[in-house]
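**Q** I have a structure I would like to understand better, so I am pasting it below and will then ask my questions one at a time.
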Amino acid sequence: MALSCMRCSPAAGAVRRGLASAAPPAALSFARCGLRRAAALGWRVAAVTTTGVQGAKDAGLEKAARSASQSKVENGSPSEIILDDFEDLSPLSENDDSTVSITVVGASGDLAKKKIFPALFALYYEDCLPKHFTIFGYARSKMTDAELRNMVSKTLTCRIDKRENCNEKMEEFLKRCFYHSGQYDSEEHFMDLDKKLKQHEGSRVSNRLFYLSIPPNIFLDVVKCASKSASSGNGWTRVIVEKPFGRDSDSSSALTRGLKQYLVEDQIFRIDHYLGKELVENLSVLRFSNLVFEPLWSRQYIRNVQLIFSEDFGTEGRGGYFDRYGIIRDIMQNHLLQILALFAMETPVSLEAEDIRNEKVKVLRSMKPLQLEDVVIGQYKSHTKGGTTYPGYTEDKTVPKDSVTPTFAAAALFINNARWDGVPFLMKAGKALHTKGAEIRVQFRHVPGNLYKRSFGTDLDTATNELVIRVQPDEAIYLKINNKIPGLGMRLDRSNLNLHYAARYSKEIPDAYERLLLDAIEGERRLFIRSDELDAAWELFTPLLKELEEKRIAPELYPYGSRGPVGAHYLAAKYNVRWGDLTTEQKA
């Protein structure tokens with residue numbers, strides 16, 4: 001039978017990812033959505049090492065789960081496992097005596113309201129949160145529990161595939177939400193938070209997750225206070241840290257050292273929400289589970305790889321923050337570079353978090369230092385279109401009039417290893433462009449001695465096969481191929497073999513924050529950034545950023561709503577490449 005992550009037997013929570021570190025008792029509470037994760041990783045049974053009675057209980061659950069599933073795994077595909085085999089294990093997980101307390105620090109901010117609380121509700125709606133959980137908002141703003149609930153309720157939405165009454169689920173969720181006002185650097189205020197958390201946790205094993213939805217300059221204050229005054233005494237404590245992780249190598253290293261004064265690496269979850277997007281997570285599945293792709297994944301067959309990010313709006317009054325970081329730090333150094341590392345890595349030893357992150361680090365350390373001549377920067381200017389005037393970047397009142405901060409950047413990167421030697425990886429990211437989207441484009445080499453080259457004329461680029469992974473919006477994967485147009489003549493056409501997610505799958509794609517929050521609660525670190533990954537990423541970009549800022553290199557201006565600066569086209573042409581997103585093509 002097909003597996004569902006929503007209505008699995010309670011004991012199925014034992015069949016989870018084989019984590020490198022031991023999972024606490026709370027892991028057994030995720031029975032209803034745990035099988036989604038187990039099926040994806042080959043149905044490995046995670047050993048849960050704890051102490052006392054709970055440890056014995058979990059050991060029994062593991063042994064029983066192994067016995068129930070072993071013959072099915074050996075004799076058939078994982079999807080053939082019958083969930084009834086686990087029904088007799090229900091009492092083991094129902095006696096779970098742990099709880100998870102989630103504290104959203106910076107609860108009154110936009111990120112918390114628009115992303116974090118809605119993601120937590122979506123997990124609750126899908127029955128992916130443990131039986132016992134509490135959510136606390138923490139910020140400096142004065143607010144009551146009722147006011148927090150009212151604020152949160154305005155951003156909550158239900159899934160398309162409604163199985164239960166949405167309003168009832170929303171009310172149940174909001175009853176689990178509470179608020180505590182306090183200063184970010186006050187241990188006393190965090191001690192008060194600790195008392196409130198203990199009231200809700202009771203005598204259960206307390207596991208605590210802190211989400212830092214705050215500016216980076218107060219990360220360390222919060223971590224210090226939370227670690228000293230609000231850590232769990234008998235369970236795990238984890239901290240999710242939002243980007244930016246510094247501005248360069250020095251500031252990033254200082255932040256890491258500061259965090260590690262109070263936390264160990266396994267407690268720190270550096271979140272890059274792009275790694276939680278469905279198509280990015282599907283990247284390794286596409287490559288490593290399809291024989292047709294992996295043999296082609298090298299310089300022998302791939303001519304270039306393009307990683308493209310575009311927004312069709314500007315800073316819109318929020319340029320103060322953006323001007324301090326710019327598009328390279330905001331998008332390229334993290335989102336696009338992380339996708340590049342996942343795309344280019346060697347086959348990992350296993351799907352364990354550490355094995356995958358080890359391979360990503362190898363890619364980043366193999367990259368050729370970025371040269372200024374391989375980078376183009378731009379900044380959008382005012383433009384009038386259709387009777388509407390769109391303001392330029394420096395016309396934003398929060399941006400200095402003489403700012404040279406780039407709102408657009410394109411770069412050519414190279415990986416110095418046997419698989420990718422000489423293949424240009426072209427990155428492009430910008431604001432106020434003609435379209436909104438994010439995609440990976442893999443352009444393959446020309447067919448040697450192509451028998452049909454006369455049919456394509458002198459422009460062989462039009463005959464190049466191209467694999468496109470559209471991350472957002474309207475998720476899709478499609479492969480451009482050449483085929484004959486039906487008829488008596490020999491006329492060729494370029495068509496798409498496509499997987500359009502909206503057409504293929506009726507279920508709504510979860511938001512990236514849902515996946516990452518669930519991973520953090522479960523202790524799965526595969527989609528989070530390790531400290532040495534962060535160091536390698538900053539080592540690549542820091543020299544370029546320092547040169548741009550020290551020389552105050554002026555960005556090329558481009559009109560709001562255009563395709564970006566002309567210099568980006570010259571950069572691509574330098575390596576005999578055309579930007580794939582700028583050509584006229586059939587939409588998948």
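The values are calculated or read from the model by the stated rules, or taken from the named source; none is laboratory data. Owing to the predicted nature of the structure, the values given are computational and were not obtained by experimental measurement. For neighbour counting, all protein chains shown are included, and Cβ atoms are generated from backbone atoms with ideal geometry for every residue, glycine included. Only protein heavy atoms, including side chains, enter the accessible area calculation; ligands, DNA and RNA are left aside. Shrake-Rupley method; radii C 1.70, N 1.55, O 1.52, S 1.80 Å.
**Q** Residue by residue, what Karplus-based ³J(HN,Hα) values in Hz, rounded to whole numbers, does the stretch 266-282 have, using 6.51, -1.76 and 1.60 with θ = phi - 60° and x for Gly and Pro?
**A** 5, 8, 9, 10, 7, 9, 10, 4, 5, 6, x, 6, 3, 6, 6, 5, 6
**Q** Per residue, how much accessible area does the stretch 98-271 show when a 1.4 Å probe rolls over the protein heavy atoms, in square angstrom?
**A** On the way: 7170 Å² over 174 residues.
Roughly 41 Å² per residue, with all protein chains present.
**Q** Residue 507: which lysines have alpha carbons under 27 Å from its alpha carbon, excluding same-chain residues fewer than 8 sequence positions away?
**A** Qualifying lysines at Cα under 27 Å: 113, 114, 115, 131, 154, 162, 169, 277, 436, 480, 587.
**Q** So how do 125-137, 551-563 stack up, highest first, on mean other-Cβ count within 10 Å?
**A** Values: 125-137: 22.3, 551-563: 16.6.
Final packing ranking: 125-137, 551-563.
**Q** Amide H to amide H under 5 Å from residue 529: which residues, 5+ apart in sequence or cross-chain, H placed 1.01 Å off N in plane?
**A** Amide H neighbours of residue 529: 270, 272.
**Q** Further question on the same structure: Which value in nm describes the separation of the simple spin-label points at residue 549 and residue 144, placed 7 Å from the Cα toward the beta carbon?
**A** Each label point is offset 7 Å from its Cα along the Cβ direction, giving 4.6 nm.
**Q** Also, I was wondering about something else. Check which residues have an amide H placed less than 5 Å from residue 368's amide H, if you skip close sequence neighbours.
**A** Placed amide hydrogens put 414, 415, 416 under 5 Å from residue 368.
**Q** Using a ≥ b ≥ c from the Cα gyration tensor of the stretch 475-588 (square roots of the eigenvalues), is it rounded, prolate or oblate, where a/c under 1.5 gives rounded and otherwise the larger of a/b and b/c decides, a/b for prolate? It would help to have the intermediate numbers written out before the result.
**A** Numbers: a/c = 2.54, a/b = 1.20, b/c = 2.12.
Oblate shape, in that a/c is at least 1.5 and b/c is the bigger or equal ratio.
**Q** Using a Cα-Cα cut-off of under 18 Å, which lysines could be cross-linked to residue 195, ignoring same-chain neighbours fewer than 8 residues away?
**A** 224, 228
**Q** Running Debye on the stretch 206-250 with equal point scatterers at the Cα sites and no solvent, what base-10 log of I(q)/I(0) appears at q = 0.14, 0.34 Å⁻¹?
**A** Debye curve over Cα of the stretch 206-250, log10 I(q)/I(0) at q = 0.14, 0.34 Å⁻¹: -0.37, -1.25.
**Q** Given the C-alpha atoms of the stretch 155-293, compute the convex hull and give its volume per residue in Å³.
**A** Considering the Cα atoms of the stretch 155-293, their hull volume per residue is 195 Å³.
**Q** Would you mind calculating the gained length between residue 350 and residue 253 on full extension (0.36 nm times residue separation, minus the Cα-Cα distance), in nm to one decimal? Don't skip to the end; give the middle numbers.
**A** Numbers: separation 97, 0.36 × 97 = 34.92 nm, distance 2.89 nm.
So the chain would gain 32.0 nm between residue 350 and residue 253.
**Q** Is the shape of the stretch 265-382 rounded, prolate or oblate, going by the alpha carbon gyration tensor and its root eigenvalues a ≥ b ≥ c, with a/c under 1.5 for rounded and a/b larger than b/c for prolate?
**A** On the way: a/c = 1.97, a/b = 1.55, b/c = 1.27.
Because a/c hits 1.5 or more and a/b exceeds b/c, the stretch 265-382 counts as prolate.
**Q** For residue 546, which lysines qualify as cross-link partners when the Cα separation must be under 27 Å and same-chain residues fewer than eight apart are set aside?
**A** 243, 260, 360, 362, 368, 381, 397, 401, 428, 431, 574
**Q** Using a Förster radius of 25 Å, what is the FRET efficiency between residue 264 and residue 165 based on their Cβ-Cβ separation? Nearest 0.05, please.
**A** Details: r = 43 Å, r/R0 = 1.71.
That gives a FRET efficiency of 0.05.
**Q** Another question, then. Evaluate the distance, in nm, between pseudo-label points positioned 7 Å from the Cα of residue 447 and of residue 97 along their respective Cα→Cβ axes.
**A** Between residue 447 and residue 97, the label points sit 6.9 nm apart.
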